[in-house]
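Enquirer: Structure provided below as structure tokens; questions to follow.
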Amino acid sequence: RREEGAAAAASAAADGAEQPPKKKKLEISREEYDHVSVVVMRQLQAAEDRGEEEWTQGKLVEWYLEQREDIEDEEALVHARRMLTSIIERLIVSEHWVIVLNASEVQDMPGTCAQRRDARRLAPHPNYVPGRA
């Protein structure tokens, strides 16, 4: 009987019943990345020019999603949010076009990783040259 239980558990694990689903790899075309990064950078630059300091990542994501008229269902919304979050992360970490103004505050904040990420205050890097995106 013990062998039957072990075989059933192994079969269930092999079928993926016990394992969480893997995240699908996000693929973004170069054209889409360039377009979104230009839109994001223009908005951050315009906000800075107007003297607005409270552009958090959460506010930027919500603003961008409101601009998109092609999002028709929940799945498209989740995909667009995930794509934008990935692009913003790349603009911060790899491109160095965006800086986080409150990085140390956010790091010590209680809450989930997503809550801390959405609380980051963003601004264009001082050396960012508009039109370079």
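Enquirer: Tell me which residues, restricted to segment 33-64, are among the polar types (S, T, N, Q), more than 13 Å from the chain's Cα centre (by Cα) and crowded, with 17+ Cβ neighbours inside 10 Å. Working first, answer last.
Expert: Of segment 33-64, the ones among the polar types (S, T, N, Q) are 37, 43, 45, 56-57.
Checking which are more than 13 Å from the chain's Cα centre (by Cα) leaves us with 43, 45.
Scanning segment 33-64 gives a single hit, GLN43.
Enquirer: For segment 106-118, what are the residues that are open to solvent by 30 Å² or more (accessible area, probe 1.4 Å) and in contact (Cβ under 8 Å) with a residue 12 or more places away in the chain? Don't jump to the end; show me each part of the working.
Expert: Step one: list which residues in segment 106-118 are open to solvent by 30 Å² or more (accessible area, probe 1.4 Å), which gives 107-118.
If the condition is that a residue be open to solvent by 30 Å² or more (accessible area, probe 1.4 Å) and in contact (Cβ under 8 Å) with a residue 12 or more places away in the chain, then ARG117, ASP118 are the ones that fit.
Enquirer: What residue, among those in segment 73-97 that are within 19 Å of PRO130 (Cα to Cα) and of a type in the set (Asp, Glu), is most open to solvent (accessible area, probe 1.4 Å)? Write out each step before concluding.
Expert: Narrowing segment 73-97 to residues within 19 Å of PRO130 (Cα to Cα): 87-97.
When the remaining residues are screened for being of a type in the set (Asp, Glu), the result is 89, 95.
Details: GLU89: 69, GLU95: 47 Å².
Top of the filtered list is GLU89.
Enquirer: Just to be sure I understand, how many residues within segment 49-82 are in contact (Cβ under 8 Å) with a residue 60 or more places away in the chain, closer than 19 Å to VAL38 by Cβ and not hydrophobic (A, V, I, L, M, F, W, C)? Show your work before the answer.
Expert: So the first thing to find is which residues in segment 49-82 are in contact (Cβ under 8 Å) with a residue 60 or more places away in the chain, and the list is 53-58, 60.
Applying the additional criterion that residues be closer than 19 Å to VAL38 by Cβ yields 55, 57, 60.
Among the residues that remain, those that are also not hydrophobic (A, V, I, L, M, F, W, C) are: 57.
Residues in segment 49-82 being in contact (Cβ under 8 Å) with a residue 60 or more places away in the chain, closer than 19 Å to VAL38 by Cβ and not hydrophobic (A, V, I, L, M, F, W, C): 1 in total.
Enquirer: So GLU3 fits all but one of (1) modelled with pLDDT of 85 or more; (2) open to solvent by 70 Å² or more (accessible area, probe 1.4 Å); (3) not aliphatic (A, V, I, L, M); what number is the exception?
Expert: For GLU3, the exception is condition (1).
Enquirer: Something else: For VAL100, only one of the following conditions fails: (1) more than 14 Å from PRO124 (Cα to Cα); (2) open to solvent by 30 Å² or more (accessible area, probe 1.4 Å); (3) touching a helix residue (DSSP H, G or I) at 6+ places or on another chain (Cβ under 7 Å). What is its number?
Expert: (1)
The values are calculated or read from the model by the stated rules, or taken from the named source; none is laboratory data. Note that the structure is predicted; figures quoted are calculated from it, not measured. Don't worry about glycine lacking a Cβ; one is built from the backbone with ideal geometry, like all the others, and counts go over all protein chains shown. Surface accessibility is based on the protein's heavy atoms, side chains included, excluding ligands, DNA and RNA. Shrake-Rupley method; radii C 1.70, N 1.55, O 1.52, S 1.80 Å.
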